[in-house]
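Below: one structure, written as structure tokens.
FYI, it's all coordinate maths here, none of it is from the lab. All values reported here derive from a predicted model rather than from experimental measurement. Please note: Cβ atoms are built from the backbone with ideal geometry, for glycine as well, and neighbour counts cover all protein chains shown.
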């Protein structure tokens with residue numbers, strides 16, 4: 001699934017640590033790391049929070065498109 005490497009890429013492009021992003025979505029760093037590594041499914045509400053945080057559409061976050069679309 002494309003979402004997991006995309007989570008890491010977005011985080012690294014924003015120069016953020018896993019702990020910083022975990023705080024944004026209200027979880028621990030170790031739990032967030034499992035999202036990035038594909039060991040745990042990212043809940044929809046947290047995907048929405050990340051899409052808003054990075055200002056990208058959910059279809060980009062999910063890997064359905066390869067060019068990020070900004071939110072309005």
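For this structure, a couple of remarks:
- With respect to the chain, whose longest principal axis is taken over its alpha-carbon atoms, helix 44-54 is tilted by about 70°.
- Net lengthening on full extension, residue 20/residue 48 (0.36 nm per residue, minus Cα-Cα): 8.4 nm
- Placing dummy labels 7 Å off each Cα toward the beta-carbon, the span from residue 40 to residue 66 is 3.1 nm.
- Subtracting the Cα-Cα distance of residue 13 and residue 58 from their residue separation scaled by 0.36 nm leaves 14.5 nm.
- Against the empirical 2.2 N^0.38 Å (N residues), the chain has a Cα radius of gyration ratio of 0.98.
- Taking the C-alpha atoms only, the angle from helix 3-13 to the longest principal axis of the chain is near 90 degrees.
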